[in-house]
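One structure is given here, and the rest of the page talks about it.
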Amino acid sequence: MPAEQSTVPQHVPAHLVYPFDYRSDAAIKENLWDYMSSMNARPDIFFSPDLGGHWVIARAAIAEEVFSNHELFSVRSVSVPKLESPVRLIPNNYDPPEHGPYRRLFAQNLFSPRALAALEGVTRNHARELFDAMPLGQCEFVADFAERLPIDVFLAGMGVDPSHRDEFLPWVQNVFSGTTKEQFASGMTEASTFLAEWLQEQLKAPEKNTGGMFQAMITSEIEGRALTWDEMHRITVMLFLGGLDTVTSEMSHAMYFLASSPAHRDRLVERPQDIPKALEEILRRFSIANIGRVVAKDTEFHGVVLKAGDPVLIPTPMVGLDETAFEDAMTVDFDRGRARGVRHLAFGAGPHLCPGAYLARTQLRVMLEELLPRMPGLRVQPGAKIEWRTGADFMVHALPLEWNAGPSS
Ligand code: HEM
C-alpha cells in the first residue's frame, strides 16, 4: 500500500513521533522479528507519521486494554490506514451493543462444538493429501500447503465445492498482499461477488449443502428472527477474510521456526502431546495480525492525549515481544507459562477476541501432527533467501523446505 501523506496532528508531542510503516517498511522486510523486538526501546504508545498518521500501541498490557475498551476504541475502522471495504463485516465492524447478538451467533452456532467437530477429520484428510502431492523430500511450503489447507477447511465448512479452491487463491492474495488499494478492492469485490452468487444458489436448495457452518448460519436466529440474506453474505465474507490468510501466515512462521530449530522440532516429534502448549508459545512469539481501531472520543490514555478520529494500530507481532510482559521475549520456550501455557494476544482480546481461534488451533495442531513425523531432518533448502510479507498479516513470503525422503530415510 503506498504511504499516504505524512501527518502529525498538533496534539501529538514531538517526543512521541517515530516512523513505523507496518505495510512497507524496508526494515520489517529485512528482519521482521529483530525490528519488532527493537520497539521495546520506544515509548509504550508512540505516533507514526506514516500511512496517514496513526498511534502505535507497543505494550501487551495496554494493547489488551485497547482491545477491551470499545467505548474509547471503536471498530469503525479495523485497518490502518482506513481501507474502504465494500461490505460492513459481521461481526467485526460492529461495536457493542450492536455487536452482541451477532457475536453470540458465532460463538453458539457457527463455531459450536457440533459445527466444528466434523472439520478436524476434514483438516487431517486434506493435510495428508497435500503432503502426498508434494515432490519427494521437498516443497515450497507456503504455496504447497499453508495457502491451501485453510481454503480447503473453509470450503468444507461452508459446503462449497472443492473445485473452487484455485479461484479463491488470487482473491486472498490480492486482499492481503496486494500492494495497491486497487488490488485490495478488486480482491474484495471478486470474493464478495462470488460468495453472493454462490449464496443465492445455495439458498434455492439449502438441504443439499452439507457444510456445518453453512447449516448453522441458515438455521440460526438473532433476537428472535432469521438472518437476512445480506447478513448471511456479510458473515460469509467475514469468514473468508478472517479464516484464510491468518492461518496461512501463522503456519508459515511455525514451520520456518521448526525447520530452523531441530531441538524444538525433535521434542514435538517425540512428545506430540506437547504440541498444544508449544503452539501457544509459537502464537505468542510469532503473532501475525496488525489490527486497527479509531479513537471514539477525546481522552487522555496512559498520559497520552488522543483525539476522536485518531487511528490506532495494535501490532500483535510487536506486543508479543514486549519484554515487560514476557521475559526474554525473543526466546521460544515451549514451557513458558508452565502447565497453564503462555497468555498472549495473537487472537486479540475483549469483545472481538477471535471466535475462529479453536478452528485455527486445530489446523495448526493437525499440521504439526501430520507433517513433522513425515519430514525427518526437516530444514530450509540451503541458499534459500527468506523474505517477509508485510501488511495486515505478517507472513513468510515463500518457504522452500527439504527433508530426508526415500528408502534410506
Ligand atoms: C492463526 C489464525 C488466526 C489469527 C491469528 C486470528 C486473529 C484474530 C484477531 C487478532 C482478531 C481480533 C480482531 C479485532 O479485534 O478487531 C480476530 C477476529 C476474528 N477472527 Fe480470527 N484469527 C485467526 C483465525 C481465524 C479463523 C480460522 C476464523 C474463522 C474461520 C476467524 C474468524 C474471525 C472473526 C469472525 C473475527 C471477528 C470477531 C469479532 O469481531 O467479534 N479467525 N482474529
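The values are calculated or read from the model by the stated rules, or taken from the named source; none is laboratory data. Just so you know, these numbers come straight off a predicted model, no measurement behind them. Don't worry about glycine lacking a Cβ; one is built from the backbone with ideal geometry, like all the others, and counts go over all protein chains shown.
Just give me the residues in region 130-167 being touching a residue at least 60 places away in the same chain (Cβ under 8 Å), within 15 Å of the ligand (Cβ to nearest atom) and over 17 Å from the mean Cα position of the chain (by Cα), in sequence order.
Residues satisfying the conditions are GLY157, MET158.
Report those helices (runs of 4 or more DSSP H) wholly inside region 224-278 carrying at least 1 residues which are within 16 Å of the ligand (Cβ to nearest atom).
Ranges flagged: 229-243, 245-260.
Being assigned to a helix (DSSP H, G or I), without any contact (Cβ under 8 Å) to a residue 40 or more places away in the chain and under 25 Å from the mean Cα position of the chain (by Cα): is that true of THR189 here?
no
I need the full set of residues from region 175-186 which are more than 22 Å from ASP161 (Cβ to Cβ) and either at pLDDT 80 or above or part of a helix (DSSP H, G or I) (or both), in order please.
PHE176, SER177, LYS181, GLU182, GLN183, PHE184, ALA185, SER186
Cβ-Cβ below 6 Å, separation at least six or inter-chain, first residue in region 361-379 and on the phi < 0 side of the Ramachandran plot and at pLDDT below 95, second assigned to a loop (DSSP other than H, G, I, E, B) and surrounded by fewer than 20 Cβ atoms within 10 Å (Cβ to Cβ): which pairs?
Short answer, once both residue conditions are applied: none.
Going through region 7-26 one residue at a time, which ones are surrounded by 15 or more Cβ atoms within 10 Å (Cβ to Cβ) and assigned to a helix (DSSP H, G or I)?
LEU16
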